[in-house]
1. Identify, by number, the condition in (1) open to solvent by 30 Å² or more (accessible area, probe 1.4 Å); (2) touching a helix residue (DSSP H, G or I) at 6+ places or on another chain (Cβ under 7 Å) that residue 148 doesn't meet.
2. Going residue by residue through the stretch 114-131, is there one that turns out to be under 15 Å from residue 35 (Cα atoms), open to solvent by 30 Å² or more (accessible area, probe 1.4 Å), touching a residue at least 12 places away in the same chain (Cβ under 8 Å) and assigned to a strand (DSSP E or B)?
3. Can you work out which of the residues in the stretch 56-91 that are open to solvent by 80 Å² or more (accessible area, probe 1.4 Å) and free of Cβ contacts under 8 Å to residues at least 12 places away in the same chain is nearest to residue 143 (Cα to Cα)?
4. How do the pairs read when you match residues in the stretch 42-54 that are open to solvent by 40 Å² or more (accessible area, probe 1.4 Å) with residues anywhere that are among the small types (Gly, Ala, Ser), using Cβ under 7 Å and keeping only pairs 6 or more apart or on different chains?
5. Counting only residues that are touching a residue at least 60 places away in the same chain (Cβ under 8 Å) and farther than 16 Å from residue 101 by Cβ, which one in the stretch 1-22 is surrounded by the most Cβ atoms within 10 Å (Cβ to Cβ)?
6. Identify the residue in the stretch 132-144 that is within 16 Å of residue 36 (Cβ to Cβ) and within 16 Å of the chain's Cα centre (by Cα) and, among all such residues, is surrounded by the fewest Cβ atoms within 10 Å (Cβ to Cβ).
7. When the stretch 1-32 is examined, which residues are found to be assigned to a loop (DSSP other than H, G, I, E, B) and out of contact with any Lys or Arg (no Cβ under 9 Å at 6 or more places or on another chain)?
8. Taking the condition of being at pLDDT below 95 and of a type in the set (D, E, K, R), how many residues in the stretch 106-157 meet it?
Amino acid sequence: MSSEFTPQEGSCSCYSNTYTVNNTPVGRFICHCTICQEFTGQAYNDVTVLLKSDVSELDIKKTLFQHWKMPPNINRGLCKYCHKPSIEMALGGNLILVPTTNYPDIAALPEPTMHLFYDSRVEDMDDDLPKYNGFVQSQAMIVKALAQGMFKRVASR
């Protein structure tokens with residue numbers, strides 16, 4: 001992937017909810033928590049993390065946001081029509097999480113950097129990515145990765 005990011009229009013699978021991603025995600029990881037499994041209907045959620053300012057033209061009126069766990073750390077949005085993941089929001093909407101399946105050009109994205117909640121996995125993953133278990137370890141590593149991603153972005157300006 002080059003250092004220059006070409007904006008991509010993300011969407012749910014039926015294109016009822018769309019948005020434009022204008023910057024390289026600050027992180028990408030694979031989450032195996034049971035909430036992500038239920039949310040996506042898949043064994044894991046391969047997701048990118050962006051700052052609110054990285055996303056524009058949000059047309060997500062047809063997204064139904066739900067909370068799977070209290071407190072609502074992440075508002076997870078499913079399309080009202082195709083019932084597939086649309087977009088997720090965290091920290092009061094200041095972080096935007098976009099499932100990689102919602103990008104038209106996944107190859108342009110940074111590679112995933114880790115597996116989270118690996119102890120909840122449905123199947124083993126045959127890769128060299130670090131694998132973190134449980135809430136505390138997984139949360140600590142995502143905070144560290146996001147801080148590193150934001151630091152890289154600031155340093156590259």
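The values are calculated or read from the model by the stated rules, or taken from the named source; none is laboratory data. Keep in mind that this is a model prediction, so the values were computed, not measured. Neighbour counts run over all protein chains shown; Cβ positions are idealised from the backbone, glycine included. Quick note on the areas: whole protein, heavy atoms, side chains included, nothing else; ligands and nucleic acids left out. Shrake-Rupley method; radii C 1.70, N 1.55, O 1.52, S 1.80 Å.
1. So the condition that residue 148 fails would be (2).
2. We begin by selecting, within the stretch 114-131, every residue under 15 Å from residue 35 (Cα atoms); these are 115-122.
Adding the requirement that they be open to solvent by 30 Å² or more (accessible area, probe 1.4 Å) leaves 117, 119-122.
Narrowing further to those that are touching a residue at least 12 places away in the same chain (Cβ under 8 Å): 117, 119-122.
The next check asks that each one be assigned to a strand (DSSP E or B); those that pass are none.
No, the stretch 114-131 has no match at all.
3. Of everything passing the filter in the stretch 56-91, 91 is nearest to residue 143 (Cα to Cα).
4. Cβ pairs passing all conditions: 52/93.
5. Step one: filter the stretch 1-22 for residues touching a residue at least 60 places away in the same chain (Cβ under 8 Å), giving 1, 3, 5-6, 8-14, 16-17, 19, 21.
If we keep only those that are farther than 16 Å from residue 101 by Cβ as well, we get 1, 3, 5-6.
Numbers: 1: 10, 3: 6, 5: 16, 6: 10.
Step by step, filter the stretch 1-22, then rank; the result is 5.
6. Top of the filtered list is 139.
7. So the first thing to find is which residues in the stretch 1-32 are assigned to a loop (DSSP other than H, G, I, E, B), and the list is 1-7, 12-17, 22-26, 32.
The answer is 1, 2, 3, 4, 5, 6, 7, 15, 22, 25.
8. Counting residues in the stretch 106-157 that are at pLDDT below 95 and of a type in the set (D, E, K, R) gives 4.
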